[in-house]
Amino acid sequence: MKFSVSREALLRPLQLVAGVVEKRQTLPALANVLVVLEGEKLSLTGTDLEVEIIGRVTLENPGVDGEITVPAKKFLDICRSLPEGSIIEFLYQDQKVTVKSGRSRFTLSTLPASEFPAIELGDNDLSFSCEQAEIKRLIDRTSFAMAQQDVRYYLNGMLWELHQDSLRVVATDGHRLAMCTRPVNTSLSEELKQAILPRKGVIELARLLCEPEKPVEIIIGNSHVRAITESFVFTSKLVDGKFPDYERVLPRNGDKIMIGNREELRQAFTRTSILSNEKYRGVRFVLTEGLLTITANNPEQEEAEEQVVVDYAGSPIEVGFNVSYLQDVANVISSENLRITLADSNSSALIEEPDNSDSLYVVMPMRL
Amino acid sequence: MSQHPPSSQSRPRRIAHLDMDAFFASVELLRYPELRGMPVVVGGRSIHKPVEQPDGTRVFSRLRDYVGRGVVTTSTYEARALGVFSAMGTMKAAKLAPDAILLPADFEAYRHYSSLFKQAVVRIAPVIEDRGIDEIYIDLTEHPETDTRELATQIKKAVRDATQLTCSICVAENKLLAKLGSELDKPDGLTILTRADIPTRIWPLAVGKVNGIGPKSAAKLNALNILTVGDLARADKLLLREHFGQNYAEWLHAAAHGEDDRPISTGGQSKSISRETTFERDLHARQDREQLTPIFTQLCQRLSADLKRKGYLARTIGIKLRYTDFRRITRDLTLSTPTDDPVVIRKTAGECLRRVDLERKFRLLGVKASGLIKSEDWNKQEEIREQYQPDLFDENGGSGSL
């Protein structure tokens, strides 16, 4: 097996792939990257058995076909530290891989490709294509609300709910919820299909989607999800569990509607958060006609107060929130204003972009 | 964890149990001295914080104002006289003592006073075992002051000087007796308990008072007409063995006679609890799945039972495997909510197992719980946390409404 490739062409896929390779491995092959050449198509694969990423490069000149695995971290470090514009020659001979560039020469240990575990997809797979930008937006809009290491393991991930003409994703840690829906033709024959992507898979996938206008093919099986683009194939195990009924917690009876400038609110949240209780992060909203007053205090008896002029004509209301949850929402929303719909001090708040929003956020109030 | 073994066989040990009196409520009384002598209950939310008037006086919430599902965290002796005890539903308490003062719990303040009293004790007697926010064991065996009553008086004074709070101390020859004894003269008590005092002072106590006889065992003992520690001491060992198994029966008998040789463990609380098993023959994860699955599940169940018995929750669940070649590997996962639930432990340990090489046979499998926290401490925190930040999917909370 033999090929040559420019440092830059190799580096990007190698970095993507090395990202999933974990440092502590018991299966020795998992510390390695699988290098496969077929004609001018070079592919690099890394896996931790939960998530697998294959990075793909098309070589300018075909080499000699073959497949082998080499230590991922060392191979990446070598390529990264070579000078820009270097041409890298890769040669596999007599169980050794030799990497050469200019006057540099490295010999790497190998393990046979047959020892590299492959993730098998099951039957009943469903596939559809859309622009990468769609998937990227769905994830970017919601991933912050995923739980981390919650005992309710199905919350440590993101629900993907396929409808015939749309893809909806939902993330929640039990205290707040983020939901985004994009028009995607899923060619689904049933009415609805749900899958939970694990947290790590969601984060890796978002990192991969960096060519917004190019297509991505999504395949959802019983136990795995796969995303295929020109430059990579991403596969992740699905979380085996039932996502809670999110529809049940979407607030529907709010009649107190406040619209305010997002940036002003965001800054007010950030400043009041400084003097909120570090553990509970509570702030108090006092909403009166045309004015939102946000206050916070902490055990040291320090206090913050911010006033924001808002569009509000309802009856006065007072409600407590974890300010971090509000900051998270204000940070992902991009519209000029944001709208908060409340029912009373005890019911969850609905936060949206005022016009044509594809996303919505639910935040449970705090008792203060 | 460093353990201090019973120092010398010939000399009896001097173990003190120190318990702060109505700790949380007493801390609150320091802040609000005008409440002294009144029934006061801690367990409200921050809306129950006293409101200061322009003239400097404070208006307090009353128990009857409380609406919600919280429980009483602690109560003053005056409130206890009205039948209000910790862990009682606050609404229920309100029926018994509607006029009692209600205050929100302030754990930061309690932790502050907790460290003050512990520091004060350590300056006099450095060998202590931390048993939580308001109690410690102290090993006085090696202390140069040989007059035990004098020493205990010094400690009480040091605690009082450091915190303005009172505590109750009992010195006995072991932890079991010391713990029982500190209850005998509350509040502000000082008890010296010798073996000779056991029949008169310990035997009249209800069996449930003994640390290690939980509500279930107490009920079982009562059903056998064993109501007091004295009844237990006189009970037929065979009868106990029949109902409680050999180990626990032995322990019950010894406890009733005031015997306990547990050392003071100065390393604080346990670091980890684990269960493991070596197979009769080496097993393969896939080929021997049918055999392995029940073993694995049982290990997790036993670990869960250990945690519950010892009163701990674990934040981290790990597994240990020993392969045929004796190479040992471990994997663990940390949860955001500590657990003692066998299902969660099994699930988490299962996740760990997925991260190891299962192509090779192994001879030993172990499950370990670490990152331990006393369940009472967590539950208190959790109660407070839930009162502040309810859950969207809480069955009781319903559809996103409190």
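The values are calculated or read from the model by the stated rules, or taken from the named source; none is laboratory data. Everything numeric in this text was worked out from a predicted model, so none of it was measured. Cβ: placed from backbone, ideal geometry, glycine included. Neighbour counts: every protein chain shown. Accessible surface is based on the protein model in full, side chains and every heavy atom, while ligands, DNA and RNA are left aside. Shrake-Rupley method; radii C 1.70, N 1.55, O 1.52, S 1.80 Å.
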Exercise. Compute the distance in nm between two label points, each set 7 Å from the Cα along the Cα-to-Cβ direction, one at A:GLU302 and one at A:ASN222.
Key: 5.7
Quiz prompt | Distance-filtered residues of the range B:71-102 - backbone nitrogen under 15 Å, label point 7 angstrom along B:LEU184 Cα→Cβ | solution = none
Quiz prompt | Total charge dipole magnitude, the protein assembly as shown, about the Cα centre, Cβ charges on Lys, Arg, Asp, Glu only, Debye to nearest 20 | solution = 2580
Quiz item: Taking the Cα-to-Cβ direction at A:THR293 and at A:LEU192 and moving 7 Å from each Cα, how far apart do the two end points lie in nm?
Solution: 4.3
Practice problem: Mind checking the per residue accessible area of the range B:119-232 for me, 1.4 Å probe, whole number of Å²? | Solution: 45
Quiz item: To the nearest 0.05, what FRET efficiency results for A:GLN149 and A:ILE87 with a Förster distance of 35 Å applied to their C-beta separation?
Solution: 0.20
Quiz prompt | Difference of contour (0.36 nm per residue) and Cα-Cα distance, B:SER274 to B:ILE192 | solution = 25.8 nm
Quiz item: At a 1.4 Å probe, what is the % contribution of carbon and sulfur to the accessible area of chain B?
Solution: 49
Quiz prompt | Buried solvent-accessible surface, both chains (B, A), 1.4 Å probe, Å² to nearest 100 | solution = 3400
Self-check item: the range B:213-256-the range B:144-192 distance, computed between alpha-carbon centres (Å)
Solution: 29
Self-check item: Phi-based couplings in Hz for the range A:150-159 (Karplus 6.51, -1.76, 1.60; Gly and Pro marked x)
Solution: 7, 4, 7, 4, 5, 7, 7, x, 10, 6
Quiz item: So what is the calculated 222 nm ellipticity per residue for chain A, using -39500 (n - 2.57) for each DSSP H run with n of 4 or more, over all residues, to the nearest 500 deg cm²/dmol?
Solution: -5500 deg cm²/dmol
Self-check item: Under 21 Å from A:LYS2, Cα to Cα: lysines that are on another chain or at least 8 residues apart
Solution: A:LYS41, A:LYS73, A:LYS74, A:LYS96, A:LYS100
Self-check item: Those aspartates and glutamates that a straight Cα-Cα span of less than 19 Å connects to B:LYS368, excepting residues fewer than 8 apart in one chain
Solution: A:ASP150, B:GLU276, B:ASP306, B:ASP332, B:ASP340, B:ASP341, B:GLU351, B:ASP357
Quiz item: Which of the lysines could a cross-linker span from B:LYS49 if the Cα-Cα distance has to be under 29 Å and same-chain partners fewer than 8 positions apart are dropped?
Solution: A:LYS256, A:LYS279, B:LYS92, B:LYS95, B:LYS118, B:LYS186, B:LYS374, B:LYS380
Practice problem: Describe numerically, in nm with one decimal, the distance between label points set 7 Å from Cα along Cα→Cβ at B:GLN287 and at A:SER315. | Solution: 7.4
Quiz prompt | Set of the range B:16-42 residues, backbone N closer than 17 Å to the point 7 Å along the Cα-Cβ line of B:ALA109 | solution = B:21-42
Quiz item: In the range A:346-368, which residues become less accessible by 30 Å² or more once every protein chain is in place, relative to the chain on its own, using a 1.4 Å probe?
Solution: A:ASN346, A:MET364, A:MET366, A:ARG367, A:LEU368
Quiz prompt | Carbon + sulfur, % of accessible area of the range A:2-115 - ligands and nucleic acids excluded, 1.4 Å | solution = 48
Quiz item: How large is Rg over Rh for chain A, taking Rg from the Cα atoms and Rh as the Kirkwood inverse mean of 1/r across Cα pairs?
Solution: 1.08
Exercise. Determine, from the Cβ-Cβ distance of A:VAL286 and A:ARG248 and an R0 of 25 Å, the FRET efficiency 1/(1 + (r/R0)^6), rounded to the nearest 0.05.
Key: 0.30
